[in-house]
Amino acid sequence: MEKQTTKLPSIMQVTLALGTFLALAFSFTAKLDLPIQLALYIGWFIIITLGIKLGHDYKSLEKAATQGISNGLGAILILLAVGSLVGTWIAGGIVPTIIYYGLQAIHPSIFLLATMLICSLTALATGTSWGAAGTAGIAMMGIGQGLGVPAPMTAGAVLSGCYFGDKMSPLSDSVILASSMSGVEVMEHIKGMLPIALISYIITGILFTGAGLHYAGNVDMAQVDSVILAMENQFVISPFSFIPVIIVLGLLAMRLPSFPVISFGSLLGIVWAVMVQDMDPLVAFNTAWEPFSISSGVDFIDAILNRGGMSSMLGSVAVIIFGLGFGGLLDKVGVLQTVAKLFEKRVNSAGSLATSTIATAFFGNVFGSAMYVSLILTPKICAKNYDRLGYQRKNLSRNAEFGGTLTSGMVPWSDNGIYMASILGVATFSYAPFMWLSFVCIIVTIVTSYMGWFVDRCPPTITEETDENENLAVTQQTA
């Protein structure tokens, strides 16, 4: 073992490295029509080059990248399982049945509010925003398009509901991760989020109610009737098709692991495709891998139902793998720590703490390309500021959760951004402006923190002298 001296990158080095990556990401996606996967792939070598310049050896950097990937393998498995579920549930007539009855039951004036409520309850019961978006979310997108509501706005209501329910559920992996990384009990973490989350939820509900009233008068009921008739012609519609939904939601509510439960749900979809829709067993089984294919002659139905299957998620899997590895490299090299130090001198109150933590978490999504990266790094980077200023760690976990989870779907190359765009069929930049719960919640958090509301104090546990000693020690590592 040789002793090797490493150091943190300077702000100039960080700006150059991250600026290059951002330029690649935006140019590839917005100008050159190249896949974001290539930008992330190149980004690895940008950070590796920086790491070697700072004294790290290649083997340690490669290990950091693979460790970052391993931290998010659970998300990759769930992503593939949800792809399988979507394909088989469409083939089995489960999603078409939900759309069919939804078009008949939900009045256009309350559609957006109902979408947020239904997705909230689904995510709350299951503890997964991805599962809620892949089931209830897809159905509500279909209903919304049938009612003539713009798809980006419907997607905004879906995501507002999914993320709220996910944040309030003790079953959520992001809730457990944010609380554990901050050293807070899960229920204390949820209690810390609850007041601001409820205020934000009510405000968002009012906004979507107003938007729904605006679109209610523009609904072409003749189009709705034609969609309902086309559904009847293409699928066997029966209340019996709600059984797989009830089973899957029930198993998830019992706190059973998401991956096997969602996989079991896709198996039920195959059974329903064979038994209810009279589909050939091999064709039904293949919908777990290949996207379901239909040519109904109705553009709306073809657009909303020609999707699903594990293969449709492989591009997203590549993004998550490269993104997680990129985040692991950022952590190893100390890029985000350098960024966080910019905020330290300005952090002197609950309001500036909330602002800097949310900003750090957002940057974790932008540069780490994954919610898991953000929720792992943000508490590590920001914890000492809370300890130094005498604020309880549940303030840290709340702010890291809001900044990390609620913004993850806004970044086109993040795991959530890629997943939600592919599942809902709407580009990230199109639906992001309508993620009203995320914007409202972040604004309410910052404002109330500056006002001193919903903030919990404690005796400081870090002195300025301790902080200086830690800063000196961080430059010495053992290879």
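Output the helices (runs of 4 or more DSSP H) that fall wholly within segment 132-235 and possess 3 or more residues being without any contact (Cβ under 8 Å) to a residue 40 or more places away in the chain, or say none.
Of the helices (runs of 4 or more DSSP H) lying wholly inside segment 132-235, those with at least 3 residues that are without any contact (Cβ under 8 Å) to a residue 40 or more places away in the chain span 186-216, 221-234.
Would you check which residues across segment 362-379 are touching a residue at least 40 places away in the same chain (Cβ under 8 Å) and open to solvent by 20 Å² or more (accessible area, probe 1.4 Å) and list them?
Phe362, Tyr372, Ile376
Going through Ala350, Ala318, Ala359 one at a time, which residue ends up being open to solvent by 10 Å² or more (accessible area, probe 1.4 Å) and more than 18 Å from the chain's Cα centre (by Cα)?
Ala350
Looking at this structure, is Leu117 surrounded by fewer than 21 Cβ atoms within 10 Å (Cβ to Cβ), within 24 Å of the chain's Cα centre (by Cα) and not aromatic (Phe, Trp, Tyr)?
yes
Spot the failing condition for Val224; the list is (1) closer than 16 Å to Ile99 by Cβ; (2) in contact with a Ser or Thr (Cβ under 8 Å, 6 or more places away or on another chain); (3) of a type in the set (A, V, I, L, M, F, W, C), and only one is missed.
(2)
Check Ile190 against each of (1) buried (at least 24 other Cβ atoms within 10 Å of the Cβ); (2) modelled with pLDDT of 85 or more and name the one condition it does not meet.
Result: Ile190 fails condition (1) only.
Somewhere in segment 398-408, is a residue more than 15 Å from the chain's Cα centre (by Cα) and either of a type outside the set (A, V, I, L, M) or assigned by the TED database to the domain that holds Val95 (or both)?
Yes, because at least one residue in segment 398-408 is more than 15 Å from the chain's Cα centre (by Cα) and either of a type outside the set (A, V, I, L, M) or assigned by the TED database to the domain that holds Val95 (or both).
From Gly137, Gly212, Gly205, Gly131, which residue is within 23 Å of Ala432 (Cα to Cα) and modelled with pLDDT of 90 or more?
Gly205
Report yes if Ala105 is out of contact with any Phe, Trp or Tyr (no Cβ under 7 Å at 6 or more places or on another chain), at pLDDT 80 or above and either within 26 Å of Met254 (Cα to Cα) or open to solvent by 10 Å² or more (accessible area, probe 1.4 Å) (or both), otherwise no.
no
Test each condition in (1) open to solvent by 10 Å² or more (accessible area, probe 1.4 Å); (2) closer than 21 Å to Phe208 by Cβ for Trp130 and report the one that comes out false.
Only one criterion is unmet by Trp130, namely (2).
Restricting attention to segment 113-129, report how many residues are touching a Ser or Thr at 6+ places or on another chain (Cβ under 7 Å) and either over 28 Å from Gln277 (Cβ atoms) or small (Gly, Ala, Ser) (or both).
5
The values are calculated or read from the model by the stated rules, or taken from the named source; none is laboratory data. Computed from a predicted structure; not experimentally measured. Backbone-built Cβ (ideal geometry, glycine too); neighbour counts: all protein chains shown. In case anyone asks, the SASA skips ligands and DNA or RNA and just uses the protein heavy atoms, side chains included. Shrake-Rupley method; radii C 1.70, N 1.55, O 1.52, S 1.80 Å.
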